[in-house]
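Peer 1: My questions will all concern the structure given below.
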Amino acid sequence: MAGISTHVLNSGTGRPGAGMRIDFSVRDGDGWKLVKTLTTNADGRTDQPVLAPDAAKVGQYELLFHVGDFFRRQPGAGNDMPFLDTVPVRFAIFDTQQHYHVPMLCTPWSCSTYRGS
Amino acid sequence: MTSPALTRRAFLPAGLALGSLAAGGAVAQNAPTALATAPVSQVDLSPRLTMHAIDTHNGSPGAGMKVQLSRYDGDDLHLLRRFETNKGGRTDEPLLLDAAYQPGRYELLLQLEDYFAARGTPLPKPNFLSQVPVRFRITNPAERIHLAILFTPWGYSYYRGS
């Protein structure tokens, strides 16, 4: 299956990152055009694909993960997120026949992303 | 640094830094920087922003990476400086120091595609990652922040280091 998907994991607890807001945008000239805002489900994934296979086009895309807000809502967390707030991940679809799985592994102090499968 | 007359045996006492050269027999153009430096401890240093880029694809410092440092003013991103990482994947001077080390939202933009293209790494076009934003906050000007950035052509991670 082609298209784009994501998966948020809370590396501090070893649990899915449920309820994280993600803004999905596409490159439009010099800026970014918001396509949709998603919220991760209980498994840290999105109920709908980030980008469906038939909508995939070669180009630049951005997933903006609201990491700071996510950790502020965790039990026992302070209101202060001193290091990470929103984390943008920008990547290209270079072949529309391929699938792009772009996970976000995060703690309040670190994040990691990669082309997954 | 090396000459064709040197045999593999001659490299052996020289340690890890030269080992990669011996294995290949010659130094490839734009080869990743050999690991010739020990880790740097920054304990007890005054508040500052520093960074270290590590190329985990080649197992080397991320040397010669072109980077922009910008600061957010509301929703607007203002370029503070452009620089290139040194041979150790760091910068010769702190990115922000003393009065310049102010709370705020900052972003480093790494020219990752150019970095790997210059090393001859096979990449799709456009590459999966091209310009990588590393967004972070400075909230306490009394505490220094060291940004460690680990990257490959297909992924990266960054964290508050030490």
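Peer 1: So which of A:96, A:107, A:46 is of a type in the set (S, T, N, Q), in contact (Cβ under 8 Å) with a residue 40 or more places away in the chain and buried (at least 19 other Cβ atoms within 10 Å of the Cβ)?
Peer 2: A:46
Peer 1: A further question on this structure: Only one of (1) surrounded by 14 or more Cβ atoms within 10 Å (Cβ to Cβ); (2) over 21 Å from residue A:5 (Cα atoms); (3) of a type in the set (Gly, Ala, Ser) fails for residue A:78. Which number is that?
Peer 2: Result: residue A:78 passes all but (1).
Peer 1: Hey, does the range A:24-47 have a residue that's over 17 Å from the mean Cα position of the chain (by Cα), in a strand (DSSP E or B) and away from chain B (no Cβ under 13 Å)?
Peer 2: Within the range A:24-47 (the criterion being over 17 Å from the mean Cα position of the chain (by Cα), in a strand (DSSP E or B) and away from chain B (no Cβ under 13 Å)), the answer is yes, since at least one residue qualifies.
Peer 1: Out of A:103, A:88, which single residue is at pLDDT 95 or above and either more than 14 Å from chain B (Cβ to nearest Cβ) or farther than 13 Å from residue A:4 by Cα (or both)?
Peer 2: Sole residue among the options that is at pLDDT 95 or above and either more than 14 Å from chain B (Cβ to nearest Cβ) or farther than 13 Å from residue A:4 by Cα (or both): A:88.
Peer 1: Then there's this: Quick check on residue B:77: is it in the same structural domain as residue B:138 (by TED's automatic domain parsing), within 13 Å of the chain's Cα centre (by Cα) and touching a residue at least 24 places away in the same chain (Cβ under 8 Å)?
Peer 2: It is false that residue B:77 is in the same structural domain as residue B:138 (by TED's automatic domain parsing), within 13 Å of the chain's Cα centre (by Cα) and touching a residue at least 24 places away in the same chain (Cβ under 8 Å).
Peer 1: Also, quick follow-up: Looking at the structure I just gave you, is residue B:61 modelled with pLDDT of 90 or more and either under 12 Å from the mean Cα position of the chain (by Cα) or not assigned by TED's automatic domain parsing to the domain that holds residue B:111 (or both)?
Peer 2: yes
Peer 1: Something else now. May I ask you to list the residues in the range B:20-58 that are surrounded by 12 or more Cβ atoms within 10 Å (Cβ to Cβ), β-branched (Val, Ile, Thr) and modelled with pLDDT of 70 or more?
Peer 2: B:37, B:50, B:54, B:56
Peer 1: If I filter the range B:151-162 down to residues being surrounded by fewer than 19 Cβ atoms within 10 Å (Cβ to Cβ) and more than 8 Å from every other protein chain (Cβ to nearest Cβ), which single residue comes out as farthest from residue A:64 (Cα to Cα)?
Peer 2: In this case the residue turns out to be B:162.
Peer 1: Right, next: Please state which one of A:95, A:43, A:69 is acidic (Asp, Glu) and touching a Ser or Thr at 6+ places or on another chain (Cβ under 9 Å).
Peer 2: A:69
Peer 1: Just to be sure before I move on: is residue A:71 in contact (Cβ under 8 Å) with a residue 12 or more places away in the chain, within 19 Å of residue B:157 (Cβ to Cβ) and not in a strand (DSSP E or B) in the structure I sent?
Peer 2: Yes; evaluated as a whole, the condition is true for this residue.
Peer 1: Go through (1) in contact with a Phe, Trp or Tyr (Cβ under 7 Å, 6 or more places away or on another chain); (2) free of Cβ contacts under 8 Å to residues at least 40 places away in the same chain; (3) β-branched (Val, Ile, Thr); (4) more than 13 Å from chain A (Cβ to nearest Cβ) one by one and return the number of the condition residue B:91 breaks.
Peer 2: It fails just one condition, (2).
Peer 1: So, in the range B:105-139, of the ones that are touching a residue at least 60 places away in the same chain (Cβ under 8 Å), assigned to a loop (DSSP other than H, G, I, E, B) and not small (Gly, Ala, Ser), which residue ends up nearest to the other protein chains (Cβ to nearest Cβ)?
Peer 2: Applying the filter and picking the extreme gives B:121.
Peer 1: Given the criteria within 22 Å of residue B:159 (Cα to Cα) and outside any strand (DSSP E or B), does residue B:82 qualify?
Peer 2: When the stated conditions are applied, residue B:82 does not pass them.
The values are calculated or read from the model by the stated rules, or taken from the named source; none is laboratory data. Every value quoted in this text rests on a predicted model; they were computed, and no experiment measured them. Note that each Cβ is placed from the backbone with ideal geometry, even for glycine, and that neighbours are counted across all protein chains shown.
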